[in-house]
1. Each label point is 7 Å from the Cα along the Cα-to-Cβ direction; what then is the distance between the points at N275 and E228, in nm?
2. On the accessible surface of the range 163-280, probed at 1.4 Å, how many percent belong to carbon and sulfur atoms?
3. Got a sec? What order do M64, M74 fall in by accessible area at 1.4 Å, biggest, i.e. largest, first?
4. What pairs in K145/K226; K91/K177; K63/K91 have C-alpha atoms more than 31 Å from each other?
5. For labels at S175 and T68 in the simple 7 Å Cα→Cβ model, what's the distance in nm?
6. Tell me the net charge near G259. Cut-off is 13 Å between Cβ atoms, G259 excluded, with +1 for each Lys or Arg and -1 for each Asp or Glu.
7. Starting from the Cα-Cα distance between N164 and S256, subtract it from 0.36 nm times their residue separation and give me the gain in nm to one decimal.
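The values are calculated or read from the model by the stated rules, or taken from the named source; none is laboratory data. On a predicted model such as this, the values are computed, not experimentally measured, just so you know. Heads up, the Cβs are rebuilt from the backbone with ideal geometry, glycines too, and the neighbour counts pull from every protein chain shown. Note: areas computed on protein heavy atoms with side chains; ligands, DNA, RNA excluded. Shrake-Rupley method; radii C 1.70, N 1.55, O 1.52, S 1.80 Å.
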Amino acid sequence: MAEYNTPVPKIDPVEIEINQTFDQMIFCLNQRRVAVLIEYRYQRDEVASRPQTRAKEEEELNKMKTDTERNLQMNKFRELQQQILDGIEQKLADLRKPQPDARVVFRSQTAPLEQLIAGLGEVLEEKVMTVPDYLTMRPVVAVCKRGEAPGELYGPKGVTVDTNNHFFVAEGNTSGKHARISKFSEKGEFVTTFTHQDLRCPFGIATHGDFMYVTDVLVHAVFKFKMETDFPLVAEQGTKGSQIGNFNEPRNLTVSTHGDVYVADNNNNRVQVLNSSLQHLRTLTEQHS
């Protein structure tokens, strides 16, 4: 059998190196192609979602801005609220200080004396519902201390001033005790006090000429007194009810220059107008003002 000797091809080392280098180049190119493709797709997706992302960021920024503004407003409100509360507490603390010979009158060029003393009654009763105007006013006479003795005030409800600058204070409470009218001079000096068997809780008070008009929230009536030494009762009008001439806890009242008496009929939600003899003239309601 003949033997054939196949010659082993001679491998050129240079050629091998060239082939390996070429394969590496192809591999690297493929890797780069894949990387470029991936980066392109990523950038494309990012560009597509960019408007949505920006809108979301803008929404979050606007929310942060709104929350910040709201917090600033709340802080300012709390600061103002605290200042008001501090002012009220300071005024109450001043009023609670011992004042054995104290009398009180607050004066202002704009606020009427009746309003100021009526406000004082609310403070002494510790029923401050709003910020009183007199917190910024300078007292020129002191407050009567709370008590039942003549010259002291017990549950003041209303106040009025006559033509001689004497002021009268309606006092009492809803238990029907300590019902009286106290009279003070312009300087706050106690003059006298009087009451009437029918008075239980006088509230509104007004003067006109030689007469004084008083409402009573427990009797549900209006009284007319003559301002003489013993303050005699001249007329009385009203019982509890909702009909014309009836009242349900009448409170403040005032008298016109013609002598007509305007009464705030509290629980009937109306104003009744009476003549000087306390006879009904007309009724003012929300529909007929």
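1. In this crude spin-label approximation the distance works out to 2.3 nm.
2. On the way: 2320 of 5410 Å².
Carbon and sulfur: 43 percent of the exposed surface of the range 163-280.
3. Details: M64 120, M74 80 Å².
Largest accessible area first, the list is M64, M74.
4. Numbers: K145/K226 28 Å; K91/K177 28 Å; K63/K91 42 Å.
Flagged as over cut-off: K63/K91.
5. About 5.9 nm, to one decimal.
6. Numbers: positive: K224; negative: D210, D260.
My count for the surroundings of G259 gives -1.
7. Values: separation 92, 0.36 × 92 = 33.12 nm, distance 1.82 nm.
Once the chain is fully extended between N164 and S256, it gains 31.3 nm.
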